[in-house]
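A short write-up of the structure that comes next.
What follows draws every value from the coordinates through simple rules; no lab data is involved. Keep in mind that what you see is a predicted model, and the values were worked out from it rather than measured. Cβ coordinates were reconstructed from backbone atoms using ideal geometry, including for glycine residues, and neighbour counts include every protein chain displayed.
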Amino acid sequence: MSSPTVSAHAPAAARRDLIPHYAWSLIAVTAVVAALSDFDRIGDSPVVFGLLLALIVALDRVRINLFERAKTSPATVPAIVLACLFGPLGPIFGEVAIMVTRRKTPLIGRLVDFGFLSLSGVAAAGVYAALPERHGAALMAVSGLAGLAYYAVNSVGLGVIWRLHEGIGALEAWLERMAWLWPHNIAAGLVAGLFVVGERSIGTSAFLIFFLPLAMSWLTQKQYLDRSRSSVEQLRRSHSELERTNAQLQGLLERSRANYLSTISSLARTIEAKDPYTGGHTERVGEYALMLARELGFGEDELEAVEVGAIVHDIGKIGIPDRILLKPGRLDAEEFAEMRKHPEISSYILDGLDVPQVVVEMARHHHERFDGNGYPDGLAGEDIPLAARILTVADAFDAMTSDRPYRAALAVEEALAEVRRNAGTQFCPAVVAALDACFAGQPRA
C-alpha cells in the first residue's frame, strides 16, 4: 500500500488547492461502490474478517519509505485477501480501519489514501470476481491478477496526487518510484491466494502459516529499497549539482554577453564621438531594427545578432578621413566614392571578430537597394540578407527623424510616407509593411 509524503518543494497553490477536491471525489466513488456491495459475506465469516482488519492495521505500521516520496507496506496482502474473500467492502473497511488508526498523518493525507487505496482494493475484488476457476493453483493465479489490478489503480492514484502535490509528470514519477513494484504486487496477490486456499482448508489456523511468506515479501522489498536508496539519493545530488552548475553557467553567459555588447558598443561610439549630430544613432537604429525583426518573426538568437549588427553597422567609418566624415555640407562625387567604402571596411573589421555571420552581412549590405542600385555589391531583392534589409529601413528612418546640419528632422508621419514612396526601389516592401504595422495605432509626432 502506498501514500504520498510531503515534498521538499512546495507545489503551486493552484495545484495544491485541487488536492481536497481529488480526495472527496475518490471518497464519493468509494461510497457509491460500498452502497452497491453485498454485506452478507462479512456476516458469514466475522472472525476472519476481524482478524484481517487487525492484521492490515498492524502491517500498516511497518511501512517502508519509497525514496522520501511515498510509502509501501505488506498490508497490501491482507487488502487483497479482503478483496478476494469479502468483495469490494473488504478492502474498503480495511482502509477505514487504517484511516482511523493512523492519527499522526494529516487528515487530507488520510482521506486521499483512503480514497485511492479503497478503489485499488475494489479493482482487485472486481478482477477476482470476474475470472473463473477459484480452486488451488488456479485460485492463486486469479489472485495474482487481482494483485496486478490493485497495483494499476494504486499507480494511477499516486500519479495524480504526485502531479498535484509536486508538479512532477505522472510517467516520470511512476518510472522512478513505482515501476519496480509490479512483480511485488503480483507476488502479494499470490500470497493472498495462498491464504485463501489455506483458510478454506484449515480455517483461521491459516493465519499461523500466513506470516512466513508475508514476512519474506516485506523483507524482499526492504532489502531492495535499502540497496536502491543510496543510488537514488546520489542521482538526486548529482542532478541538483548539475542544476546549480547550469545556473552558474547561464549567469556567466549573461555577463559575457553584456561585456561583449558593451565592447562592441564602445567601438561603435568611437565613430559617434566624432560627430555630435549622430549622437545616439546606433542605439536608436538598434531599437528600430529589433522592433522590425520581431514584427517579421525573428527568434531570440536571431534578435541578438540583429541587435549587435545594428550597433556595429557603421564601424567601418573609422577608416574614413575626418574631413569627409565630418563635412557639414553635402559630399562631392569623389568624397562620396570614399564614403561608400565604409561597408567594406566594416565587413573587413568584423570578419576578424567572433561575431555571427549575419552581423557581418548587416554591416556590409545595409546600403544595398532593393532595385539593385546600391553598394558595395549591387545585390537586389531577396539576394540581400533580410537582416540587412531591416537595417536599411531602420537606418534611413532614424536618419530622416533626426536633425542634421543641413536639414531639420522630419515628423514620424512624413518619414513613414517617404519610406513608403521608396518601397520596392530603395527599400524591401515586406520590411516597409512591418514598419507600418509597428507604428499602426501609435501617436504620430
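Points to keep in mind about this one:
- Near Ala434, once Lys and Arg are set to +1 and Asp and Glu to -1 for all other residues with Cβ below 13 Å from its Cβ, the sum equals +1.
- Comparing Cα centroids, region 79-114 and region 183-208 end up 19 angstrom apart.
- 12 Å beta-carbon shell around Ala129, net charge (K/R +1, D/E -1): +1
- Length-normalised contact order for region 306-407 - Cα pairs under 8 Å, 6+ apart - percent: 26
- The residues neighbouring Ile384, those whose beta-carbon lies less than 15 Å from its own, together hold a net charge of -4 under the Lys/Arg +1, Asp/Glu -1 convention.
- A simple spin-label model places the labels of Leu249 and Ala54 6.1 nm from each other, with each point 7 Å out along Cα-to-Cβ.
- Within region 372-405, backbone nitrogen closer than 16 Å to the virtual label 7 Å beyond the Cα of Tyr348 toward Cβ: 376-377
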